[in-house]
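Asker: Here it is: the structure, laid out below.
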Amino acid sequence: MGQGLWRVARNQQLQHQGYSGQGYLTREHGRRLATNNISNTSHRKQAQGGIDIYHLLKTRKSKEQEGFINLEMLPPELSFTILSYLNATDLCLASCVWQDLANDELLWQGLCKSTWGHCSIYNKNPPLGFSFRRLYMQLDEGSLTFNANPEEGVNYFMSKGILDDSPKEIAKFIFCTRTLNWKKLRLYLDERRDVLDDLVTLHNFRNQFLPNALREFFRHIHAPEERGEYLETLITKFSHRFCACNPDLMRELGLSPDAVYVLCYSLILLSIDLTSPHVKNKMSKREFIRNTRRAAQNISEDFVGHLYDNIYLIGHVAA
C-alpha cells in the first residue's frame with residue numbers, strides 16, 4: 001500500500017507541474033521536478049517505512065509554494081487510513097481542516113476501543129444522537145476522575161451510561177483499560193472485593209509457567225508495597241485460579257491450591273532476596289530448594305529448581 005500512496009502523490013505532483021498528454025515534461029518543469037527530487041532525497045533515505053505517508057502530506061504543489069494535499073481529493077478509504085494513524089488530539093486538529101473526514105464515527109470508535117477495550121455501552125443500541133467522539137471525551141474525563149478518586153470515577157461512568165452497575169462489567173472495564181492509575185486501582189480493588197473476584201476470573205493462566213503467570217497477574221492487579229491481609233488475599237485468589245486453569249498439570253505435579261500458595265510466597269521472598277541491594281548474602285539454589293520442600297514436601301526438586309532459575313534469570317515476580 002505504501003508504494004500506492006507514493007504513486008498517488010507523484011501523479012498529483014506531475015499534474016500540478018504540467019504533465020503533457022504524451023507523458024513528457026517541458027524542460028522548465030523538468031528542471032523544477034529535478035530540484036524537488038534532490039531536496040527530498042535525504043528525507044526518503046532517513047524515513048523508510050513511514051516515507052510514503054510523509055511525502056504524501058508534504059508533496060510540493062509548486063516550486064514556490066509548499067502545502068498539504070487535500071485529503072478530500074483522495075479515495076475515502078485512503079484518507080481514512082491516513083487519519084487512523086492520528087491520536088485523539090491530532091484528529092481534533094485535523095477536523096479543523098477536514099471536518100467530515102476527521103469526525104467520522106469509525107475513526108473515533110477505533111480510538112475508543114483501542115484505549116478502553118470494554119465498556120457496557122459498546123454492546124447496547126446507541127441512543128439518539130450518540131457520538132463516539134463525545135464518548136471518547138467522556139471516557140477520558142472519567143479516567144482522569146478515577147485517577148483522582150476511584151469511586152467518583154466509577155460513578156461518573158455509570159451516570160453517563162458507559163458502565164453498568166455490575167461487578168463483572170466493572171472488572172471487564174478495568175481488565176481492558178491501561179489508563180487507570182495503578183495505585184488508585186489497588187485501593188479500589190482492596191475495598192471492592194466483589195470486583196476483585198471477577199477480575200481474577202478474567203485471567204487465563206493455562207499452560208503458563210508459575211512465575212510467568214504470577215508476573216502477568218501482578219501486572220494487572222498490582223501487589224501492595226507491604227505484606228498483609230490484602231497480599232495474602234491476592235495470592236490465595238491467584239493460586240485457586242492457576243489450579244483451575246491447569247487441572248492436568250496440577251494432577252501431574254501433585255499440587256493443590258495450598259501448595260501453589262506456598263510456592264508463590266516463596267517466589268516473592270526469593271525475588272526480594274535476589275533483587276534487593278540491601279541483601280548481601282543471596283539465597284542459593286540449594287537453599288531455596290531445601291526451604292521450599294520443607295513447606296511443601298510433595299513438590300519435586302527439579303520443579304523447584306526451575307522456579308529458582310526463572311527468578312534468577314528474569315527477575316522479580318511482582319515488580
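Asker: Yes or no: LYS113 under 23 Å from the mean Cα position of the chain (by Cα), at pLDDT 90 or above and open to solvent by 50 Å² or more (accessible area, probe 1.4 Å)?
Answerer: In short, yes.
Asker: I would also like to ask the following. Select from region 144-161 the residues that are part of a helix (DSSP H, G or I) and closer than 20 Å to LYS124 by Cβ and list them in ascending order.
Answerer: Matches in region 144-161: VAL154, ASN155, TYR156, PHE157, MET158, SER159.
Asker: Given SER300, SER284, SER276, which one is open to solvent by 50 Å² or more (accessible area, probe 1.4 Å) and either of a type in the set (Asp, Glu) or farther than 24 Å from HIS203 by Cβ (or both)?
Answerer: Of SER300, SER284, SER276, the one residue that is open to solvent by 50 Å² or more (accessible area, probe 1.4 Å) and either of a type in the set (Asp, Glu) or farther than 24 Å from HIS203 by Cβ (or both) is SER300.
Asker: State the number of residues belonging to region 71-91 that are surrounded by 17 or more Cβ atoms within 10 Å (Cβ to Cβ) and either out of contact with any Leu (no Cβ under 8 Å at 6 or more places or on another chain) or among the hydroxyl-bearing types (Ser, Thr, Tyr) (or both).
Answerer: Matching residues across region 71-91 total 2.
Asker: Please name all residue pairs, on different chains or six or more residues apart, with Cβ atoms under 7 Å, provided the first residue is in region 68-96 and is within 18 Å of MET137 (Cβ to Cβ) and the second residue is open to solvent by 40 Å² or more (accessible area, probe 1.4 Å) and of a type outside the set (A, V, I, L, M).
Answerer: Partner pairs satisfying both residue conditions: SER95/ASN103.
Asker: Same structure, new question: Output yes when any residue across region 227-249 is touching a residue at least 40 places away in the same chain (Cβ under 8 Å), surrounded by 15 or more Cβ atoms within 10 Å (Cβ to Cβ) and touching a Cys at 6+ places or on another chain (Cβ under 7 Å), and no when none is.
Answerer: Among the residues of region 227-249, not one is touching a residue at least 40 places away in the same chain (Cβ under 8 Å), surrounded by 15 or more Cβ atoms within 10 Å (Cβ to Cβ) and touching a Cys at 6+ places or on another chain (Cβ under 7 Å), which makes the answer no.
Asker: What are the residue pairs meeting all of these: first residue in region 191-220, first residue open to solvent by 40 Å² or more (accessible area, probe 1.4 Å), second residue of a type in the set (S, T, N, Q) and assigned to a helix (DSSP H, G or I), Cβ atoms under 8 Å, and 6 or more apart or on different chains?
Answerer: ARG193/THR233; PHE209/ASN310; ASN212/ASN310
Asker: Moving on. Which numbered condition trips up ASP164, out of (1) outside any helix (DSSP H, G or I); (2) at pLDDT 95 or above; (3) in contact with an Asp or Glu (Cβ under 9 Å, 6 or more places away or on another chain)?
Answerer: (3) is the only condition that ASP164 fails.
Asker: Just checking, does region 257-273 include any residue being farther than 30 Å from LYS183 by Cα and either polar (S, T, N, Q) or open to solvent by less than 20 Å² (accessible area, probe 1.4 Å) (or both)?
Answerer: No, every residue in region 257-273 fails to be farther than 30 Å from LYS183 by Cα and either polar (S, T, N, Q) or open to solvent by less than 20 Å² (accessible area, probe 1.4 Å) (or both).
The values are calculated or read from the model by the stated rules, or taken from the named source; none is laboratory data. Only a predicted model underlies this, so the values are computations on that prediction, with no experimental measurement involved. A quick note on method: Cβ atoms are made from the backbone with ideal geometry, for glycine too, and the neighbour counts reach across all protein chains shown. Ligands, DNA and RNA are excluded from the accessible area calculation, which covers all protein heavy atoms including side chains. Shrake-Rupley method; radii C 1.70, N 1.55, O 1.52, S 1.80 Å.
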